[in-house]
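> This is the structure I have questions about; it appears just below.
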Ligand code: SF4
């Protein structure tokens with residue numbers, strides 16, 4: 001009887017190789033791609049076509065900000081070099097995979113993890129912690145490093161021939177690239193999959209949002225990818241569009257406590273201010289920043305229009321912000 005294995009697929013080469021290796025070992029393989037605000041994609045991934053060619057069914061599961069939030073506030077296993085709680089993130093993904101495996105009768109869950117490839121989350125201790133805390137003891141298979149790790153249930157029972165699995169370890173990518181060549185894999189995402197939590201600038205913006213808890217929702221976290229972000233000292237936040245597409249996107253996020261600003265008659269970004277009944281000082285602050293990024297930035301005083309869902313348009317007058325001021329307010 002062939003083993004039924006649910007394989008996590010990040011879009012990177014390692015998870016692609018793990019799925020292929022298991023397929024070649026005779027397993028029935030299905031794959032799951034987890035999507036958070038920080039990694040993963042609803043769009044077709046570059047390596048996905050190989051999954052299709054190999055007859056591996058791929059499903060996508062979205063993880064909400066609320067589900068992920070505890071990992072950002074107090075991850076039991078700490079952060080990596082930025083705001084990436086890699087060990088706890090993997091545990092979260094694997095717990096979800098375990099639920100699917102239990103419901104749908106998979107014999108094991110597999111990942112493309114390689115022993116020693118990442119210092120924080122793929123050392124031997126971390127691999128053990130991840131296996132234990134995801135509730136997948138002896139059911140978590142890492143085919144690329146399996147021969148260096150304790151046998152899983154499917155190996156012990158003979159459902160998967162351990163000899164067909166590998167003993168790759170370390171940070172060098174040579175064995176993986178050789179396998180890719182052998183199997184004709186030329187397209188795949190870069191290692192770490194472009195996770196935004198590993199990018200210091202994005203991490204700063206997210207940290208700021210987490211410090212203003214009432215503001216942090218799926219919507220506002222998604223908006224971290226759009227525009228320039230500024231924070232009035234101990235006060236509200238302003239997002240300024242960088243191009244037409246971002247301006248149009250910001251305009252879709254009106255509502256209670258949201259104020260739009262724009263310089264009319266010249267090229268101007270849209271500003272989106274998150275504030276309920278802001279003072280004149282805060283409105284002028286936001287107007288200064290919007291004026292700075294408009295084509296009227298050379299004028300001593302700029303006319304900025306503000307509007308929101310409750311009140312008619314209002315005109316503000318503000319000098320464009322200086323670069324030195326922007327540096328203080330920019331997130
Ligand atoms: S890099 Fe990002 S997606 Fe990958 S384990 Fe770390 S936090 Fe999770």
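The values are calculated or read from the model by the stated rules, or taken from the named source; none is laboratory data. These numbers were taken from a predicted model, which means no experiment stands behind them. Cβ: placed from backbone, ideal geometry, glycine included. Neighbour counts: every protein chain shown.
> When you check residue 315 against the structure, is it touching a residue at least 24 places away in the same chain (Cβ under 8 Å), over 31 Å from the mean Cα position of the chain (by Cα) and not in a loop (DSSP other than H, G, I, E, B), yes or no?
Working: touching a residue at least 24 places away in the same chain (Cβ under 8 Å): no; over 31 Å from the mean Cα position of the chain (by Cα): yes; not in a loop (DSSP other than H, G, I, E, B): yes.
So residue 315 does not fit the description; no.
> Filter segment 55-73 down to residues that are assigned to a loop (DSSP other than H, G, I, E, B), touching a strand residue (DSSP E or B) at 6+ places or on another chain (Cβ under 9 Å) and within 16 Å of the ligand (Cβ to nearest atom), then give me how many there are. Before the answer, list the steps.
Our first condition is that a residue be assigned to a loop (DSSP other than H, G, I, E, B); within segment 55-73, this holds for 55-56, 63-64.
Those still in the list that are touching a strand residue (DSSP E or B) at 6+ places or on another chain (Cβ under 9 Å) too: 55-56, 63.
Subset that is within 16 Å of the ligand (Cβ to nearest atom): 63.
Total satisfying the criteria: 1.
> Moving to a separate point now. Only one of 155, 131, 104, 117 is touching a strand residue (DSSP E or B) at 6+ places or on another chain (Cβ under 9 Å) and within 13 Å of the ligand (Cβ to nearest atom). Can you tell me which? Talk me through it step by step, then tell me what you get.
On the way: 155 fails: within 13 Å of the ligand (Cβ to nearest atom); 131 fails: within 13 Å of the ligand (Cβ to nearest atom); 104 fails: within 13 Å of the ligand (Cβ to nearest atom).
The conditions single out 117.
> Of the residues in segment 17-49, how many are at pLDDT 95 or above, part of a loop (DSSP other than H, G, I, E, B) and closer than 20 Å to residue 100 by Cβ?
2
> Taking into account only those residues within segment 31-46 that are within 10 Å of the chain's Cα centre (by Cα) and closer than 14 Å to residue 59 by Cβ, which is farthest from the ligand (Cβ to nearest atom)? Reasoning before the result, please.
Of the residues in segment 31-46, the ones within 10 Å of the chain's Cα centre (by Cα) are 34-41.
Checking which are closer than 14 Å to residue 59 by Cβ leaves us with 34-35, 40-41.
Working: 34: 8, 35: 10, 40: 8, 41: 12 Å.
Going through the qualifying residues, I end up with 41.
> Look through 273, 250 and report the one residue that is closer than 21 Å to residue 322 by Cα, in contact with a strand residue (DSSP E or B) (Cβ under 9 Å, 6 or more places away or on another chain) and touching a residue at least 24 places away in the same chain (Cβ under 8 Å).
Numbers: 250 fails: closer than 21 Å to residue 322 by Cα.
From the options 273, 250, the qualifying one is 273.
> Anything in segment 116-135 that is over 14 Å from residue 94 (Cα atoms) and either surrounded by 14 or more Cβ atoms within 10 Å (Cβ to Cβ) or not assigned by TED's automatic domain parsing to the domain that holds residue 98 (or both)? List them, or say none.
We begin by selecting, within segment 116-135, every residue over 14 Å from residue 94 (Cα atoms); these are 116-120, 122-125.
Of everything in segment 116-135, those that are over 14 Å from residue 94 (Cα atoms) and either surrounded by 14 or more Cβ atoms within 10 Å (Cβ to Cβ) or not assigned by TED's automatic domain parsing to the domain that holds residue 98 (or both) turn out to be 116, 117, 118, 120, 122, 123.
> On the basis of being in the same structural domain as residue 166 (by TED's automatic domain parsing), loosely packed, with under 15 Cβ neighbours inside 10 Å and in contact with a helix residue (DSSP H, G or I) (Cβ under 6 Å, 6 or more places away or on another chain), does residue 108 make the cut? So that I can check it myself, show each step before the final result.
Working: in the same structural domain as residue 166 (by TED's automatic domain parsing): yes; loosely packed, with under 15 Cβ neighbours inside 10 Å: no; in contact with a helix residue (DSSP H, G or I) (Cβ under 6 Å, 6 or more places away or on another chain): yes.
For residue 108, the condition - in the same structural domain as residue 166 (by TED's automatic domain parsing), loosely packed, with under 15 Cβ neighbours inside 10 Å and in contact with a helix residue (DSSP H, G or I) (Cβ under 6 Å, 6 or more places away or on another chain) - is not met.
> I've got another one for you. Report whether or not residue 52 is part of a helix (DSSP H, G or I) and surrounded by fewer than 20 Cβ atoms within 10 Å (Cβ to Cβ).
Working: part of a helix (DSSP H, G or I): yes; surrounded by fewer than 20 Cβ atoms within 10 Å (Cβ to Cβ): yes.
So residue 52 fits the description; yes.
> Take the conditions surrounded by 23 or more Cβ atoms within 10 Å (Cβ to Cβ) and within 22 Å of the chain's Cα centre (by Cα) and apply them to residue 97. Does it pass? Steps first, please.
Numbers: surrounded by 23 or more Cβ atoms within 10 Å (Cβ to Cβ): yes; within 22 Å of the chain's Cα centre (by Cα): yes.
So residue 97 fits the description; yes.
> Restricted to segment 8-30, and to residues that are touching a helix residue (DSSP H, G or I) at 6+ places or on another chain (Cβ under 6 Å) and away from the ligand (no atom under 16 Å from the Cβ), which residue is nearest to residue 188 (Cα to Cα)?
17
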